[in-house]
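Colleague: Before I ask anything, let me first share the structure, which is written out below as C-alpha cells.
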Amino acid sequence: SAARLAADEGKRMNMLTVHQYAAGPDITIVKMLAPGQITSQLNSVASNLAAAEKAGLPMRVDEANSAYSGGIDGVSNVYASALWVIDYGLSMAQAGLEGVNIHGGLGVCNDPIWNGKFQRYTPICASSTAYELAQVYQVMPIYYGIWMAHRMGPGRFLPVAVSSGTNISAYAVKGDDGRTRIALVQKDATTNAPVHVTLDVGGGNRAAKVLHMTGDALDGTTTAVQGSTVDPSGRLSPGKQDTARVEKGTLELDVPSGSATIVTF
C-alpha cells in the first residue's frame, strides 16, 4: 500500500502519490454530489496521508476525477462535475494534501480518445476532429470548477462551521495576500430557490466581493462565471463581481441553488 511504501521507503522518496476517483460506472449525479461523498474520499486517503506526514513527505493525488475508466456520460461531462471538483479539491487541500491532478485527454469531446477508451471527464477537449487536428480546444464544465477552486489562492485554511438544511459545503482561506476568501458550494438542483446564507466573519463593517459560478442545470452543459465563458483564445474574463457588505461582523447574501460562490473581503 502507499502507506506502507511511505513507512518503508520514505527516506528515499520526495513525495507520496496516489490515484483516486469518486466512484466507478455506478456513479450518478445524486451520488457524486451527496454530502457523504467528500467524506468518503477524505477517509480513503486518510491512512496514506498520515503515513506521509509521519515520514515527513508531502502527498499528492496525482490522478483524480469523478469516475474511473473515463467517466460517465451525463455525470462526468455535465455541470454537476464542476460543483463536485470544487468541493473535492478544496477538501483535499484543507486535509493537508499538496495538490490534486485532474485527469483528462486532448481528444474530441465525448469520443474515444485512445485505445477506444472514453475520456468524458476531461476538462479540455476538441469539439470536432477538424478542431483536434488544428489543435483548437474548448473547455468542459469541470474546467470551470477547477478555475473557481484556484481562485481561493495560497494561504491557510480557517475553521468553518456549517449549519444548514441544504446540501452546501463551505471553506475559508486567509490568503497570503491578506484577504479572506470563503467558498460556498451549493449542490442542490438549480431550479430550487436561492439559499439565504448568514456568515459570521467578525471584524468591523466592510465591503465584500462576490463571484458566482452557475449552470443551466446539474445535468446540463452550460457553465459560466459571472455570466462569462472561456473565449476562443482560451481566456476566461468574468463580468464585474457582485458587492456585499459585512455589517457588525455579519455578511448576509442569497446563494443560487446549484452554484459555487466565492466571497472575498
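Colleague: What number of residues within segment 135-152 satisfy the criterion of being surrounded by fewer than 15 Cβ atoms within 10 Å (Cβ to Cβ), in a loop (DSSP other than H, G, I, E, B) and at pLDDT 95 or above?
Modeller: Restricting attention to segment 135-152, the residues satisfying the condition of being surrounded by fewer than 15 Cβ atoms within 10 Å (Cβ to Cβ) are 135-136, 150.
Filter once more, so that each one left must be in a loop (DSSP other than H, G, I, E, B): 135-136.
When the remaining residues are screened for being at pLDDT 95 or above, the result is none.
Residues that pass the stated criteria total 0.
Colleague: Related question: Which count do you get for residues in segment 88-114 that are open to solvent by 20 Å² or more (accessible area, probe 1.4 Å), more than 30 Å from Gly155 (Cβ to Cβ) and in contact with a helix residue (DSSP H, G or I) (Cβ under 9 Å, 6 or more places away or on another chain)?
Modeller: So the answer is 2.
Colleague: So Leu211 ticks every box in (1) at pLDDT 95 or above; (2) assigned to a loop (DSSP other than H, G, I, E, B) but one. Which box is left unticked?
Modeller: (2)
Colleague: Hey, another quick one. Among all residue pairs at least 6 apart or on different chains, which show Cβ distances below 7 Å where the first residue, located in segment 14-27, is over 12 Å from Ala2 (Cα atoms) and the second is in a strand (DSSP E or B) and modelled with pLDDT under 90?
Modeller: Taking only residues 6 or more apart or on different chains, not a single pair turns up.
Colleague: Can you pull out the residues in segment 165-191 that are modelled with pLDDT of 95 or more, of a type in the set (S, T, N, Q) and open to solvent by 40 Å² or more (accessible area, probe 1.4 Å)?
Modeller: Thr191
Colleague: Considering segment 35-44 alone, what residues qualify as being over 12 Å from Tyr88 (Cα atoms) and open to solvent by less than 70 Å² (accessible area, probe 1.4 Å)?
Modeller: Keep residues of segment 35-44 that are over 12 Å from Tyr88 (Cα atoms), which gives 43-44.
Ser44, the sole residue that qualifies.
Colleague: Looking at segment 18-34, which of its residues are open to solvent by 60 Å² or more (accessible area, probe 1.4 Å) and either closer than 16 Å to Met92 by Cα or part of a strand (DSSP E or B) (or both)?
Modeller: Passing the criteria: only His19.
Colleague: Please enumerate the residues belonging to segment 45-64 that are touching a strand residue (DSSP E or B) at 6+ places or on another chain (Cβ under 6 Å) and open to solvent by less than 10 Å² (accessible area, probe 1.4 Å).
Modeller: Ala52, Met59, Val61, Ala64
The values are calculated or read from the model by the stated rules, or taken from the named source; none is laboratory data. None of the values given here were measured: they were computed from a predicted structure. Cβ: placed from backbone, ideal geometry, glycine included. Neighbour counts: every protein chain shown. For the accessible areas, the whole protein counts, side chains as well, though only heavy atoms, and no ligand, DNA or RNA atoms are used. Shrake-Rupley method; radii C 1.70, N 1.55, O 1.52, S 1.80 Å.
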